[in-house]
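What follows is a set of notes on a single structure, which appears directly below.
Each value in this text was obtained by applying a stated rule to the coordinates, not by laboratory testing. If you're wondering where the values come from, they're calculated on a predicted model, not measured in any experiment. For neighbour counting, all protein chains shown are included, and Cβ atoms are generated from backbone atoms with ideal geometry for every residue, glycine included.
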Amino acid sequence: MKLSPLAVLLLPLAISPAQAESVAPLEQVLIQVHACSDTIILRSQSLSNEQTQQACALLQKQEANFHQLFNTLDKPVRDDNNTSMRANIYASRDDYVKYVTAHFDVPSDNGGMFLEGLPHIDGNQAEFVAYEKQGQIWNLAHEYVHYLDGRFNLWGDFCASLHDSHSAPEYCPQPAPLLPHLVWWSEGIAEYISQGDNNPKAIAITKEQNYALSDLFNTSYETNGGSDRVYRWGYLAVRYMMEQQREKVETMLSFTRNGDYARYQALVKQWGTSMDADFQAWLKTLK
Ligand SMILES: [Zn+2]
């Protein structure tokens, strides 16, 4: 859920605690604060006015798109106090590597992370850490969908959901829940909403490799992972389910929104291989 396309392999931290303590504090680095709206706040090192306006516009478009797609009526899952998301944007990848571990207690070997925190606690602040690359805020749209999905589709904090990541900052307990997990959905919906129909890399990959849809439901981060399977095939699985099996998605979300993850797993097992042939036929129609 919090891993970006570059974060599949977690490496040891490059910054030791002693070094981390010596860098400038967050308030002296992310010196610009801009509220796009009541729900979106940008805190940045050096975004220009124009970049700030563009980022606000992109996020507000995604937000509206998400609410329409899921007909949320702006009603979050119960116990969710993440009324707003704050994006923390470093000026470059080098700045990100230099500061992010000291500022947020997260690894820096990734392309950005969403930090849901403990949404059941009043006053919890959902954060997202990212950096500028090639004049853009890298993975901005993808990470923001995690916030919306976490607030409106998936009950509980990151550890309550089904996956096998045990890394910082949550250190979710071992052992991981049994399969199926929800990684295909959470990473797939982030890719689907941020890229829409325009995802040529995902479509190209279907010419080189293949998965049964029933196998993709067993995708996770450590087991059955890898960036192609998690992000590209996650996108394809979610796009198929959203466009061709929407009623099944609604049933599924009725469980995940209530935190009834055991029923979600029973449902996916009940689906079994029933959609596999149709998924393969649908893949062939993608251009
Ligand atoms: Zn992600």
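Within 15 Å, Cβ to Cβ, of PRO180, how many net charges do the neighbouring residues add up to if Lys/Arg are +1 and Asp/Glu are -1? Net charge in that neighbourhood comes out at -2. The base-10 log of I(q)/I(0) for the stretch 224-287, evaluated at q = 0.16, 0.25 Å⁻¹, reads -0.61, -1.22 [Debye formula, identical scatterers on Cα atoms, solvent excluded].
DSSP beta bridges fully contained in the chain are about 45 percent antiparallel. Each peptide in 48-54, 87-93 gets a packing score, the mean of other Cβ atoms within 10 Å over its residues, and the list from highest to lowest is 87-93, 48-54. For the chain, a crude dipole built from +1 on the beta carbon of Lys and Arg and -1 on the beta carbon of Asp and Glu, taken about the Cα centre, is about 680 debye to the nearest 20. Based on Cα contacts under 8 Å between residues 6+ apart, the stretch 183-283 shows a relative contact order of 38 percent. Rg and Dmax of the stretch 183-283, based on Cα coordinates, read 12.9, 38 Å.
Derived scalar couplings between HN and Hα for the stretch 67-74 equal 5, 5, 4, 9, 6, 6, 6, 6 Hz in order, rounded to whole Hz, by the Karplus curve 6.51 cos²θ - 1.76 cosθ + 1.60 (θ = phi - 60°), x for Gly and Pro. Can you tell me the 0 to 90 degree angle between the C-alpha axis of helix 246-256 and the longest principal axis of the chain, rounded to 10? So the helix axis and the longest Cα principal axis differ by about 60 degrees.
State to the nearest 20 debye the size of the charge dipole of the stretch 17-152 about its Cα centre, where the only charges are +1 on K and R beta carbons and -1 on D and E beta carbons. Don't skip to the end; give the middle numbers.
Working: 9 positive and 18 negative charges, 54 e Å.
It comes to approximately 260 debye.
What residue among THR285, ILE121, HIS146 has its Cα farthest toward the positive end of the dipole of the chain, where the charges are +1 on Lys, Arg and -1 on Asp, Glu, each on the Cβ? The residue sitting most towards the positive pole is THR285. The coefficient of translational diffusion for the stretch 17-152, derived via Stokes-Einstein from the alpha carbon Kirkwood radius under 10 °C and 1.306 mPa s, stands at 103 µm²/s. Placing unit charges on the Cβ atoms only, positive for Lys and Arg and negative for Asp and Glu, gives the stretch 184-287 a dipole magnitude near 120 debye about its Cα centre.
In the chain, a dipole from Cβ-located charges (positive for Lys and Arg, negative for Asp and Glu) runs towards its positive end, and of ASN210, SER227, TYR90 it is ASN210 whose Cα lies farthest in that direction. All other residues whose Cβ lies under 9 angstrom from that of HIS142 are scored, Lys and Arg at +1 and Asp and Glu at -1, for a net of -3.
Enclosing the Cα atoms of the stretch 85-158 in their convex hull gives a volume equal to 85 cubic angstrom per residue. Across the chain, the convex hull enclosing all Cα atoms gives 130 Å³ per residue.
Projected onto the charge dipole of the chain (+1 at Lys/Arg Cβ, -1 at Asp/Glu Cβ, origin at the Cα centre), which of TYR171, GLN60, VAL238 gives the Cα projection farthest towards the positive end? Highest projection toward the positive end goes to VAL238.
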